[in-house]
Amino acid sequence: MGLNISPVGSMKKLPFFLPFGGCRGRCVYCSQSTITGAADIPSPEYVSSVLRELDGPREVCFFGGSFCRFGHSTIKEYLDTVINSAPSGSRIRFSTYPGDMSDPHVMDLIKTYPIACIELGIPSLDPSVLSLCKRDADPQVILEDIKNIVDEGLPLGVQMMIGLPGQTKESSIADLKKLSEAKGPLSWDLRLYPCLVLESTELDNMRINGSYTPLPLNQAIEWGGVFIGCATSLGFNPIRIGLQESELLASKVKGGPHHPALGEMISSESLIRKLTKYNPRGPWIVPEEHISKFTGHGCFGLRRLAELTGTTTTAVSEKLSFFPPTGKII
Ligand code: SF4
């Protein structure tokens, strides 16, 4: 499964998936029916019927499409549904294509609702990567849109990717830094999706004709670890790494770093890189809550710590301790 990190005390999320809702084209890697398992867009009436059954406030989420491209009246219908049917105190989170909030009609509408977070799909800010992915966003438009949203005081999050056609580790880190400048001192939720090749996507055709080489698992872990380390140091709050694992997803993956524990392994890699950056040879003292990052998935973290320091798992485990103190881990 991907890593899903919910901040303590955050409101429970209730997601509704609106596959391809509002999308004007198809990004080469995207298959919403595979990612979300949803074939149809639920109507506002259906959403309302679910919300009326709730026993307390929720963060009502609209994912799986480009929410702000639905058109003014449809956007309003979904948002009104939350106000009229969800328990008082509920808030709204949605994912959308960047650039659309620059439309003052959309902005004026959205800001009248209790918004928990607007998640912008920003797989990359590199124009050549965006073009290869058939994304129509101009990086400058994305950054202007972000500025408008921040100026309105609306909470933002970003959904980013690694391993895209034409993308490099360096370009993805440069993207993070540009977004960080736009973010300023705010903390933004971050979802990171290492690129998978899914059945019936253009990316799968690109894989077959040789114009795209999927990212191998070990490279995705390393790239992801560096990326997440950089993101947290810049004040981003990673709330998810990797797609939600499901039997459907597993049956449709044609290439790329598919692993049920990808999120956990990237998170381990990030921690281990941080430890070895500040103290290349150890000893290392780590909060006990991180023990599974060393012991999980066949002691993945311990093995990576040994690899990165050029020694053995036994040697690194002797230099590793946890607080509060715990016994030996191998
Ligand atoms: S990635 Fe987002 S914008 Fe692109 S096709 Fe999928 S849902 Fe639509």
Label Lys254 and Arg52 with points 7 Å out from Cα along Cα→Cβ: what is the distance between them in nm? 4.4
Going by amide H atoms built from the backbone, whose H comes under 5 Å of the H on Leu14, apart from near neighbours? Glu59, Val60, Cys61
Could you work out what % of the accessible surface of the chain is carbon and sulfur, using a 1.4 angstrom probe and leaving DNA, RNA and ligands out of the count? 53
So what is the accessible area of segment 280-330 per residue, in Å², with the probe set to 1.4 Å? 59
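Rounded to the nearest 20 Debye, what is the dipole magnitude of the chain about its Cα centre when Lys and Arg each give +1 and Asp and Glu each give -1 at the C-beta?
So the magnitude is around 900 debye.
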Mind jotting down the three principal axis lengths of segment 280-330 based on Cα atoms? Whole angstrom, largest first. 28, 23, 15
Hey, which of these cross-link pairs are over 22 Å Cα-Cα: Lys13/Lys178; Lys12/Lys254; Lys134/Lys254; Lys13/Lys134; Lys13/Lys169? Lys13/Lys178; Lys12/Lys254; Lys13/Lys134; Lys13/Lys169
What whole-number distance in Å separates the alpha-carbon centres of segment 219-253 and segment 132-172? 16
Could you please tell me the mean projected area of the C-alpha convex hull for segment 60-169, averaged over all directions and given in square nanometres to one decimal? 7.1
Given C-alpha coordinates of the chain, what is the ratio Rg to Rh with the Kirkwood estimate of Rh? 0.99
Tally the DSSP beta bridges in the chain and give the antiparallel ones as a percent, rounded to 5. 10
So which trypsin sites (Lys or Arg not before Pro) in segment 87-162 are both in a DSSP loop and have at most 13 other Cβ atoms within 10 Å of their Cβ? Lys111
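Starting from the Kirkwood radius over alpha-carbon pairs of segment 1-142, derive D by Stokes-Einstein at 25 °C in a medium of 0.890 mPa s and give it in µm² s⁻¹. Show your work: numbers first, answer last.
Working: Rh = 16.0 Å.
The calculation lands on 153 µm²/s.
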In sequence order, calculated HN-Hα J values of segment 229-238 (Karplus, 6.51, -1.76, 1.60; Hz; x Gly/Pro): x, 5, 4, 5, 5, 8, x, 7, 10, x
Against the longest principal axis of the chain, how steep is helix 262-278, in degrees 0 to 90 to the nearest 10, with axes from Cα atoms? 50
From DSSP H assignment alone, runs of 4+ in the chain each adding -39500 (n - 2.57), the sum over residues rounded to the nearest 500 puts [θ] at 222 nm at -13000 deg cm²/dmol
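Give me the accessible area per residue for segment 10-253, probe 1.4 Å, as a whole number in Å².
Using a 1.4 Å probe on heavy atoms only, each residue of segment 10-253 averages 42 Å².
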Can you compute the charge dipole magnitude of segment 280-330 about its Cα centre, using +1 on each Lys and Arg Cβ and -1 on each Asp and Glu Cβ, nothing else charged? Give it in debye, rounded to the nearest 20. 120
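The values are calculated or read from the model by the stated rules, or taken from the named source; none is laboratory data. Bear in mind that the values here come from a model prediction, so they are computed numbers and not experimental data. We place every Cβ from the backbone using ideal geometry, glycine too, and count neighbours over all the protein chains shown. Accessible surface areas use protein heavy atoms only, side chains included; no ligands, DNA or RNA. Shrake-Rupley method; radii C 1.70, N 1.55, O 1.52, S 1.80 Å.
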